[in-house]
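The values are calculated or read from the model by the stated rules, or taken from the named source; none is laboratory data. Quick caveat, the model's predicted, so the values are computed rather than measured. All Cβ positions, glycine included, derive from the backbone under ideal geometry; neighbour counts span all protein chains shown. Remember, those area values only see protein heavy atoms, side chains included, never the ligands or the DNA or RNA. Shrake-Rupley method; radii C 1.70, N 1.55, O 1.52, S 1.80 Å.
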Amino acid sequence: MKVGIIIHTLDIPGGTQRLVAMLSPELASRGHEVTIYTLKYLPEISFPELLKKLRVVALNKEYPPLLARFFRVRYIGTLAHQWFESRK
């Protein structure tokens, strides 16, 4: 069976990231085709020994400087940032 796991970011070694990193190889060893989808992925930080054999699709997109500065505006910038991430 094809399994897709969606996680917001894989750029820190946190608890949710560890859960995904440990669940994915276990599913793959049981014969499933596992793909991990994320918005930001840093392979050298986020459990490289567990995720090296798996397919990770990352949308590491940098925003233009003007748009990135707009995201720092309280409330409206946060809503705009969430909207852009949801569109990804």
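Criterion first (touching a strand residue (DSSP E or B) at 6+ places or on another chain (Cβ under 8 Å) and loosely packed, with under 14 Cβ neighbours inside 10 Å) does residue 57 satisfy it? The answer is yes for residue 57. Across the stretch 66-74, a minimum of one residue is classified as out of contact with any Lys or Arg (no Cβ under 6 Å at 6 or more places or on another chain), assigned to a helix (DSSP H, G or I) and small (Gly, Ala, Ser).
In summary, residue 47 fulfils each of the numbered conditions (1) in contact with a strand residue (DSSP E or B) (Cβ under 7 Å, 6 or more places away or on another chain); (2) open to solvent by less than 60 Å² (accessible area, probe 1.4 Å); (3) closer than 23 Å to residue 85 by Cβ with the single exception of condition (1). Taken across the stretch 47-61, residues that are modelled with pLDDT under 75 and closer than 21 Å to residue 12 by Cβ do occur, with at least one present. Taking the stretch 10-36 as the range and being under 24 Å from residue 82 (Cβ atoms) and crowded, with 16+ Cβ neighbours inside 10 Å as the test, the residues that pass are 10, 11, 17, 20, 36. Residue pairs, Cβ under 6 Å, 6 or more apart or interchain, first in the stretch 33-48 and charged (D, E, K, R), second in a strand (DSSP E or B) and surrounded by 14 or more Cβ atoms within 10 Å (Cβ to Cβ). List them. Every condition considered, the pairs that remain are 40/9.
Under the condition of being surrounded by 10 or more Cβ atoms within 10 Å (Cβ to Cβ), modelled with pLDDT of 75 or more and of a type in the set (Gly, Ala, Ser), the residues counted in the stretch 63-88 number 2.
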